[in-house]
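Engineer: Let me begin by handing over the structure; questions about it come next.
Nothing in this text is a laboratory measurement; each read-out follows from the coordinates by a stated rule. Quick caveat: nothing in here was measured; it's all calculated off a predicted structure. Heads up, the Cβs are rebuilt from the backbone with ideal geometry, glycines too, and the neighbour counts pull from every protein chain shown.
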Amino acid sequence: MVIMNMVQAINNALDIEMSKDENVVVLGEDVGKDGGVFRVTEGLWKKYGDNRVIDTPLAEAGIIATSIGMAVYGMKPIPEIQFDGFSILGLNQLINHASRIRNRTRGRYHVPMVVRIPYSGGIRALEHHGESPETYFVHTPGLKVVIPSSPYEAKGLLLSAIRDPDPVIYLEPKRVYRAIKEEVPEKDFTIPFGKANIVQEGNDITIISYGSMLRTVKQAIEKIKDKYSIELIDLRTLTPLDTDTIINSIKKTGRSVIIHEAQRKLGMASEIITRINEKALLNLKAPIKRITGYDVIYPLMKLENSYLPSINRIIKGIEETMNF
Amino acid sequence: MDNYKTKFIPPEIFQILKDDGKINSKEIPDEKIIKKMYESMVYARISDDMIIKLQREGRCGTYASSLGEEATQVGSALALKQTDWMFPYFREIGSHIVREFPMNMYMLYWMGNEFGSKIPENINNFPMAVPVASQIPHATGVAMASKFKKDNNVVMCYLGDGATSEGDFHEGLNFAGVFNVPIVYICQNNQWAISVPLSKQTAAETIAQKAIAYGFEGVRVDGNDVFGVYKVVKDAVEKARNGKGPTLIECVTYRMSDHTTADDSKKYVPKKDLEFWKLKDPIIRLKKYMESKNIWNENNEKELIEKLTKKIKDEVKKAEEYPSPKIEDMFDFLYEKIPKELEEQKKEAMSGVE
């Protein structure tokens, strides 16, 4: 075990897989000598060279589209999109092509690639640098969507993503990049897709979250831990979504609060609430609450703390649900 | 005096086989290849005609005809090796024929069955791209991978003139130039993107010149001259194979059909243009040449038409007898392994209530 932050854990996972399989290549803007704007690919260019750590022209659609070609041709490209807001330029290639090639060729071709995208706000960044676009990807059949919440999770989930035969969108919570350090095994290990993590068990209420919000949620729970017995679920993968773990927990607690940073309308919480209604409606003791970003444009830094779900908003949501 | 401003002389159109069937160069392929060109072009036209008939009878969905563009498609595809890669767009019957893509599968796709895009294992084709220009950066990516793997394959990517307006054209060609990959882009400049003429796609005098901005060669050729197309594409393929980078080839031709069977081009295509281009027909031109060299006669022609007519009828039969796709196919090919959450929806779809 080594103490790592998330940047180091992701870098370590990339290094492990690149040393094992020469078809694994990293490409994107500034990923080479510069090591990426968040330094996630630092040192890889020096170790693996120009052919495997590729600085590309400044073109997100081109980065994703050429990665699709490489993946079809038996390589394992790991494109990095520099910031969440710019992933939208590649969205056409993801929705119209990456997600569809296996299906439209009835399995003749497939697209094993991992698109890494730093996402989430709260780092006082520029306009278009604080977005949470996961719903667009989750709504697209054929993609898998993974969001780690800690260094350990990041490494295990990325190694699974790289070994997955289908296109994976891997969203990295940039607010968490250097905010958490924890023990991470140095060796190779994977965390399977479609299996949510029960971070802590409890009987009174089920808190569901993922990615960038997990840390804030834990801080909120810490403040009221003596008051309620709280179960916390980290979804880990949004597609596939682990419905069973959610439903089993709701059957036990009967109450739930769902927290995410993305806008509320048609966000992950909407889908989760619907699944709970379909499978555990009669177990509910209170309406399920959504603590999320508002349905507004993600604000510039002076207002970003008013947009992001805060510790106080989360506690208020839990209290209201418990006292319904 | 104006040295700080860009200057540019547009390229002329390269041609070997003239409109009247006479040649203006000795660089012509051998007899065997000439006959293969002719047979492929005639088969393209017969098949095209058949598919349009099927569409009119309700036996096929919307279809994009290749009428008039056979020399561009056949001449270019013939310059490839079987191991090379081909990225078609959606008006591409001649190149599919040359690549020996089964005609029944080509039809199956237009008949609305995804199995038509399940490319046979021994053919390195990509399925047809409906979103215009989207195939260009994919092809560039394959060329990047081919260069990485050092397997000496060349990629050929087809596009129409309308595609040159899309961002994917720019990004795909720019990446190809930067990484100096083995690829040949064939622009079938048929001068129309549905009802919009080339003059409204670009203010540039030619499409070939766009290559200059990406740092590689552009070539302009008479797209109805199968010898000319074959020659310039062969040169470009060889150049790519030798590590000398990409080429953009503009084949100047004309769309002699509607955009698709859902279109009525009489509304916007000038009749006199069609009459003018009819005289440049790629098949008639080649037939005249072959007859003048005494390697083709009316008897050969009759035999060929009989053979190909029977062949296309057999292919139609095969396509129509192909098993219907099953409901579960919608679910089973989305991922390598169907996720549990989708398994439930699959059961719902197969419950018998549609």
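Engineer: Checking the conditions here, which among B:115, B:90 is in contact with a Pro (Cβ under 8 Å, 6 or more places away or on another chain) and either among the aromatic types (Phe, Trp, Tyr) or more than 28 Å from residue B:237 (Cα to Cα) (or both)?
Structural biologist: Residue meeting the stated conditions: B:115.
Engineer: Taking only segment A:32-62 into account, find how many residues are within 20 Å of the chain's Cα centre (by Cα) and buried (at least 23 other Cβ atoms within 10 Å of the Cβ).
Structural biologist: Number of matching residues: 4.
Engineer: Looking at this structure, is residue B:86 in a strand (DSSP E or B), over 8 Å from the mean Cα position of the chain (by Cα) and surrounded by 23 or more Cβ atoms within 10 Å (Cβ to Cβ)?
Structural biologist: When the stated conditions are applied, residue B:86 passes them.
This table checks each residue for (1) of a type in the set (D, E, K, R); (2) without any contact (Cβ under 8 Å) to a residue 24 or more places away in the chain; (3) under 26 Å from residue B:102 (Cβ atoms).
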site	(1), (2), (3)
B:305	no, no, yes
B:310	yes, yes, yes
B:320	yes, no, yes
B:325	no, no, yes
B:333	no, no, yes
B:338	no, yes, no
B:351	no, yes, no
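Engineer: From the list A:115, A:111, which residue is closer than 27 Å to residue B:329 by Cα, buried (at least 24 other Cβ atoms within 10 Å of the Cβ) and touching a strand residue (DSSP E or B) at 6+ places or on another chain (Cβ under 6 Å)?
Structural biologist: Sole residue among the options that is closer than 27 Å to residue B:329 by Cα, buried (at least 24 other Cβ atoms within 10 Å of the Cβ) and touching a strand residue (DSSP E or B) at 6+ places or on another chain (Cβ under 6 Å): A:115.
Engineer: So which pairs qualify, if the first residue must be in segment A:114-132 and under 29 Å from residue A:18 (Cβ atoms), the second must be part of a loop (DSSP other than H, G, I, E, B) and among the charged types (D, E, K, R), the Cβ gap must be under 7 Å, and the two must be at least 6 apart or on different chains?
Structural biologist: Short answer, once both residue conditions are applied: A:118/A:174; A:119/A:131; A:119/A:174; A:120/A:174; A:120/A:175; A:123/A:174; A:123/A:175.
Engineer: Filter segment A:35-65 down to the residues that are facing another protein chain (nearest Cβ under 7 Å) and of a type in the set (A, V, I, L, M, F, W, C) and list them by number.
Structural biologist: Answer for segment A:35-65, where residues must be facing another protein chain (nearest Cβ under 7 Å) and of a type in the set (A, V, I, L, M, F, W, C): A:59, A:61, A:65.
Engineer: Which condition from (1) within 30 Å of residue A:164 (Cβ to Cβ); (2) in contact (Cβ under 8 Å) with a residue 40 or more places away in the chain is the one that residue A:232 breaks?
Structural biologist: Of everything listed in (1) within 30 Å of residue A:164 (Cβ to Cβ); (2) in contact (Cβ under 8 Å) with a residue 40 or more places away in the chain, residue A:232 misses just condition (2).
Engineer: Is it the case that residue A:122 is away from chain B (no Cβ under 14 Å), in contact with an Asp or Glu (Cβ under 7 Å, 6 or more places away or on another chain) and under 22 Å from residue A:29 (Cβ atoms)?
Structural biologist: When the stated conditions are applied, residue A:122 does not pass them.
Engineer: Considering only residues of segment A:150-178 that are touching a residue at least 60 places away in the same chain (Cβ under 8 Å) and part of a loop (DSSP other than H, G, I, E, B), which is surrounded by the fewest Cβ atoms within 10 Å (Cβ to Cβ)?
Structural biologist: Of everything passing the filter in segment A:150-178, A:178 is surrounded by the fewest Cβ atoms within 10 Å (Cβ to Cβ).
Engineer: Now for a different question. For residue A:68, all conditions in the list (1) more than 9 Å from chain B (Cβ to nearest Cβ); (2) buried (at least 24 other Cβ atoms within 10 Å of the Cβ); (3) closer than 12 Å to residue A:166 by Cα hold save one; what is the number of the exception?
Structural biologist: (1)
Engineer: Within the bounds of segment B:58-70, is there any residue that is under 18 Å from the mean Cα position of the chain (by Cα), of a type in the set (Gly, Ala, Ser) and in a helix (DSSP H, G or I)?
Structural biologist: no
Engineer: Restricted to segment A:51-100, and to residues that are free of Cβ contacts under 8 Å to residues at least 60 places away in the same chain and among the charged types (D, E, K, R), which residue is farthest from residue B:156 (Cα to Cα)?
Structural biologist: A:80
Engineer: Are any residues in segment B:298-354 of a type in the set (A, V, I, L, M, F, W, C), assigned to a helix (DSSP H, G or I) and within 14 Å of another protein chain (Cβ to nearest Cβ), and if so, which ones?
Structural biologist: Residues satisfying the conditions are B:330, B:331, B:342, B:349.
Engineer: Which residues, counting only those in segment A:87-99, are crowded, with 20+ Cβ neighbours inside 10 Å and either within 13 Å of another protein chain (Cβ to nearest Cβ) or in contact with a His (Cβ under 7 Å, 6 or more places away or on another chain) (or both)?
Structural biologist: Residues satisfying the conditions are A:90, A:93, A:94, A:97, A:98, A:99.
Engineer: Return the residues of segment B:113-146 that are at the interface with chain A (Cβ under 7 Å from one of its Cβ atoms) and outside any helix (DSSP H, G or I); say none if nothing qualifies.
Structural biologist: B:118, B:119, B:127, B:131, B:134 - these are the residues of segment B:113-146 that are at the interface with chain A (Cβ under 7 Å from one of its Cβ atoms) and outside any helix (DSSP H, G or I).
Engineer: Further question on the same structure: Starting from residues that are in contact with a Gly (Cβ under 6 Å, 6 or more places away or on another chain) and within 20 Å of residue B:277 (Cα to Cα), keep the ones in segment B:171-201 and report whichever is nearest to the other protein chains (Cβ to nearest Cβ).
Structural biologist: For segment B:171-201, the residue satisfying everything is B:193.
Engineer: If you check residue A:109 against the conditions, is it farther than 30 Å from residue A:1 by Cα, within 14 Å of another protein chain (Cβ to nearest Cβ) and of a type in the set (Phe, Trp, Tyr)?
Structural biologist: It is true that residue A:109 is farther than 30 Å from residue A:1 by Cα, within 14 Å of another protein chain (Cβ to nearest Cβ) and of a type in the set (Phe, Trp, Tyr).
Engineer: Next question. Considering (1) touching a strand residue (DSSP E or B) at 6+ places or on another chain (Cβ under 9 Å); (2) buried (at least 18 other Cβ atoms within 10 Å of the Cβ), say which one residue B:24 fails and leave the rest.
Structural biologist: Answer for residue B:24: the failing condition is (2).
Engineer: Right, something else. Just the residues that are in contact with an Asp or Glu (Cβ under 9 Å, 6 or more places away or on another chain), facing chain A (nearest Cβ under 10 Å) and not polar (S, T, N, Q), please, taken from segment B:149-170.
Structural biologist: Of everything in segment B:149-170, just one residue is in contact with an Asp or Glu (Cβ under 9 Å, 6 or more places away or on another chain), facing chain A (nearest Cβ under 10 Å) and not polar (S, T, N, Q), namely B:155.
Engineer: Related question: Mind checking which strands (runs of 3 or more DSSP E) fall wholly inside segment A:43-149 and carry at least 2 residues that are of a type in the set (A, V, I, L, M, F, W, C)?
Structural biologist: A:53-55, A:114-119, A:144-146
Engineer: Is segment B:334-342 home to any residue that is surrounded by 12 or more Cβ atoms within 10 Å (Cβ to Cβ) and under 30 Å from the mean Cα position of the chain (by Cα)?
Structural biologist: Yes, segment B:334-342 contains at least one residue that is surrounded by 12 or more Cβ atoms within 10 Å (Cβ to Cβ) and under 30 Å from the mean Cα position of the chain (by Cα).
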